[in-house]
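Enquirer: Here's a structure for you.
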Amino acid sequence: MKIGILREGKTPPDKRVPLTPQQCKTLLNVYPKLEIEVQSSPIRCFSDEEYLEQGVTVKEDISSCEVFLGVKEVPVDNLLAGKSYLFFSHTIKKQDYNKKLLKAVLDRKIRLLDYEVLTEANGARLIGFGRYAGIVGAYNAFLTFGKRHQLYDLKPAHLCEGKLELMRELKKVNLPNIKIAVTGNGRVANGVLEILEEIAIRRLSVDEYLNNTYDEASYVQLTPVDYNLRCDGSSFELFHFFKHPEKYKGNFKRFCTQTDILISAAFWDPKAPVLFTNTDMLEEDFKIKVIADITCDIDGSIPSTIRPTEIDDPLYDFNPTLSKEEPAFSNERNVTVMAVDNLPCELPKDASREFGGHLINRVLDFIIKSDREGVIERATIAEAGELKEGFKYLEEWVRN
């Protein structure tokens, strides 16, 4: 088999890679009959020379490869008919901006696999950049809070050499007795907690968070049971909530009066209740002033997330009275929003190493040898011009 590592073609450019130079060398040693070709790139976090030093072929034309690995969506014009591709396609939620991409995949009889749906048989995800999204998102939350209140000044994460320097920067953080709410309990949230633990912020139960005051910074981790109620009044059931989110109503508003920083790290289903509304933000006791929306669902569960932001310009203010964006830190009554939608790109080398490690240990053997556990089959969105069984729900959307 010949695997090709694609040059990232999306704008703004993504510096991450699916496999580092050292990981490519490891694969070539483990699988003697495997070939790897890396498409030349001036922007990735590991240079062409670093791949060449590990004995990996680097060239411009890698069209002879059978399987192509990327990170972000491949530009439609670059998709080669009849090949297999593995990247984050951002199509499974019917994202309109990628409808053209999925149409091209079907028209060109491409086999499309998506990292997002690489799962165990029980549905647990195998791979992702979530941990580093959480790490950088939480770091940016404290960077934002320090700037807003002129308490300290953190170096932007993307200017840090890596995670070690980022962690050293956190020693500058000096917080008053604020309260921080974190939503979620998956990989992203776990990354957030790494930062909170590094700063040694006190963890509270929901009851303590809502009813007590403290003379130090503190936080609560919230899962869906903490901010959703069944409409029929019966007890909350997690799997029922995942299957029927429309049968629940929101109960997050009680946290809005106690929270200074909100770090959103939970998956949100568009059928589920929102956390709060623009109207809620206008109430006198609405306290949140900094929102780090790692999930970055535009017009989603958080009304102030009206657009994604970029690494070089990560912040804006949301004026709840006018329901519009204003410059960051322009008015004390505004809420400052961090909504970078590609956070792991701020630490591309660290994020790529971890991602590539999972790819090698948990996925690639199923591609190179045999899909003995059905991992690749479950992650295949389209093949031979047809949507696969688990993705037939996209048929009407993509064809119209």
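The values are calculated or read from the model by the stated rules, or taken from the named source; none is laboratory data. Model, not experiment: these values are computed from the prediction. All Cβ positions, glycine included, derive from the backbone under ideal geometry; neighbour counts span all protein chains shown. Ligands, DNA and RNA are excluded from the accessible area calculation, which covers all protein heavy atoms including side chains. Shrake-Rupley method; radii C 1.70, N 1.55, O 1.52, S 1.80 Å.
Enquirer: How many nm separate the modelled label positions at Asp312 and Phe242, each set 7 Å beyond the Cα in the direction of the Cβ?
Expert: 4.1
Enquirer: Can you give me the accessible area per residue for the chain, using a 1.4 Å probe, in Å²? If you can, show how the numbers build up before the last one.
Expert: Details: 18230 Å² over 400 residues.
Result: 46 Å² per residue.
Enquirer: Then there is this: Over all distinct alpha-carbon pairs, what is the Kirkwood Rh of the chain in angstrom? The partial results should precede the final answer.
Expert: Details: mean 1/r = 0.0443 Å⁻¹.
By the Kirkwood definition, the hydrodynamic radius is 22.6 Å.
Enquirer: Let me see the pair-distance distribution of region 353-395: every alpha carbon pair, 10 Å bin width, integer percents in order.
Expert: The percentages, shortest bin first, are 27, 40, 29, 4.
Enquirer: Also: Report, to one decimal in Å, the Kirkwood hydrodynamic radius for region 270-400 based on all distinct Cα pairs.
Expert: When all Cα pairs of region 270-400 are included, the Kirkwood radius is 18.4 Å.
Enquirer: Name the residues whose placed amide hydrogens come within less than 5 Å of the amide hydrogen of Tyr219, ignoring near sequence neighbours (fewer than 5 apart) on the same chain.
Expert: Ile180, Arg202, Arg203, Leu204
Enquirer: Return the distance in nm (one decimal) between the two label points of a simple spin-label model at Gln95 and Asn361, each offset 7 Å from Cα along Cα→Cβ.
Expert: Result: 2.7 nm between the two label points.
Enquirer: Any idea what log10 I(q)/I(0) is at q = 0.20, 0.23, 0.24, 0.26 Å⁻¹ for region 308-371, Debye with uniform C-alpha scatterers and no solvent?
Expert: -0.79, -0.91, -0.94, -1.00
Enquirer: Still on this structure: Give the average over all directions of the projected area of the C-alpha convex hull of region 136-195, one decimal, in nm².
Expert: On the way: hull surface 16.9 nm².
Averaged projected hull area, Cα only: 4.2 nm².
Enquirer: Assuming 1.306 mPa s and 10 °C, estimate D for region 172-287 with Stokes-Einstein, Rh taken as the Kirkwood radius over Cα pairs, in µm²/s.
Expert: Working: Rh = 15.1 Å.
My calculation gives 105 µm²/s for D.
Enquirer: Report the per residue volume, in Å³, of the convex hull enclosing the C-alpha atoms of region 29-69.
Expert: Values: hull volume 3.6 nm³, N = 41.
Hull volume over Cα atoms, normalised by residue count, gives 87 Å³.
Enquirer: Is region 248-334 rounded, prolate or oblate when judged by the Cα gyration tensor, a ≥ b ≥ c being the square roots of its eigenvalues, rounded requiring a/c under 1.5 and prolate requiring a/b larger than b/c? Walk me through the numbers on the way to the answer.
Expert: Working: a/c = 1.70, a/b = 1.16, b/c = 1.47.
Taking the square roots of the gyration eigenvalues as a ≥ b ≥ c, region 248-334 is oblate.
Enquirer: Another question, if that's okay. List, in order, the whole-Hz ³J(HN,Hα) value for each residue of region 125-132 obtained from phi through the Karplus relation with A = 6.51, B = -1.76, C = 1.60 and θ = phi - 60°; use x for Gly and Pro.
Expert: 5, 9, 8, x, 9, x, 4, 6
Enquirer: Given bins 10 angstrom wide, list per bin the percent of all Cα-Cα distances in region 1-95, short to long.
Expert: Answer for region 1-95: a P(r) of 16, 51, 28, 5, 0 percent.
Enquirer: Compute, for Met281, the solvent-accessible surface of its heavy atoms (probe 1.4 Å) with the complete set of protein chains present, and express it in square angstrom to the nearest 10.
Expert: Rounded to the nearest 10, that gives 10 Å².
Enquirer: What GluC sites (Glu not before Pro) in region 354-400 are in a loop by DSSP, with at most 15 other Cβ atoms within 10 Å of the Cβ? Provide the component values of the computation, followed by the final result.
Expert: Numbers: sites: Glu354, Glu373, Glu377, Glu383, Glu386, Glu389, Glu395, Glu396; in loops: Glu373.
Hits after loop and neighbour filter: Glu373.
Enquirer: Between Arg202 and Glu35, what FRET efficiency follows from the Cβ-Cβ distance if R0 is 60 Å, with the result rounded to 0.05?
Expert: Efficiency for this residue pair is about 0.70.
Enquirer: What trypsin sites (Lys or Arg not before Pro) does region 288-335 have in DSSP loop regions with at most 13 other beta carbons within 10 Å? Display every interim value, and only then the final one.
Expert: On the way: sites: Lys289, Lys324, Arg333; in loops: Lys289, Arg333.
Answer by residue number: Arg333.
Enquirer: With +1 on each Lys and Arg Cβ and -1 on each Asp and Glu Cβ, how big is the dipole of the chain about its Cα centre, in debye rounded to the nearest 20?
Expert: Values: 53 positive and 62 negative charges, 131 e Å.
Charge dipole of the chain: 620 debye, to the nearest 20.
Enquirer: Residue by residue, what Karplus-based ³J(HN,Hα) values in Hz, rounded to whole numbers, does region 189-200 have, using 6.51, -1.76 and 1.60 with θ = phi - 60° and x for Gly and Pro?
Expert: After applying 6.51 cos²θ - 1.76 cosθ + 1.60, I find 4, 4, x, 4, 5, 4, 5, 4, 6, 4, 7, 6 Hz.
Enquirer: Based on the alpha carbon coordinates of region 31-145, what radius of gyration and maximum Cα-Cα distance (Dmax) apply, in Å?
Expert: When restricted to Cα atoms, region 31-145 yields Rg and Dmax of 17.0, 52 Å.
Enquirer: How much mean residue ellipticity at 222 nm does the chain get from its helices, if each DSSP H run of length 4 or more adds -39500 (n - 2.57) and you divide by all residues, to the nearest 500 deg cm²/dmol? Mind showing how you got there, number by number?
Expert: Values: 15 runs with 119 residues, N = 400.
Result for the chain: -8000 deg cm²/dmol, rounded to the nearest 500.
Enquirer: Ordered by residue, what ³J(HN,Hα) values in Hz, to whole numbers, does region 138-146 give under the Karplus form 6.51 cos²θ - 1.76 cosθ + 1.60, where θ = phi - 60° and Gly and Pro are x?
Expert: 5, 4, 5, 4, 6, 4, 5, 4, x
Enquirer: Would you work out the relative contact order for the chain, in percent, from Cα pairs under 8 angstrom that are 6 or more residues apart?
Expert: On the way: 792 pairs, mean separation 73.9, N = 400.
Once normalised by length, the contact order is 18 percent.
Enquirer: Another one. With a cap of 10 neighbouring Cβ atoms within 10 Å, and only residues DSSP puts in a loop, list the GluC sites (Glu not before Pro) found in region 1-91. Don't skip to the end; give the middle numbers.
Expert: Numbers: sites: Glu8, Glu35, Glu37, Glu49, Glu50, Glu53, Glu60, Glu66, Glu73; in loops: Glu8, Glu60, Glu66, Glu73.
For GluC sites (Glu not before Pro) across region 1-91 that sit outside H, G, I, E and B with at most 10 neighbouring Cβ atoms in 10 Å, the list reads Glu60.
Enquirer: Can you give the Rg to Rh ratio for region 184-238, taking only C-alpha atoms and Rh from Kirkwood? Intermediate results must be reported in sequence, preceding the final value.
Expert: Values: Rg = 13.7 Å, Rh = 13.0 Å.
When Rh is taken as the Kirkwood radius, the ratio is 1.06.
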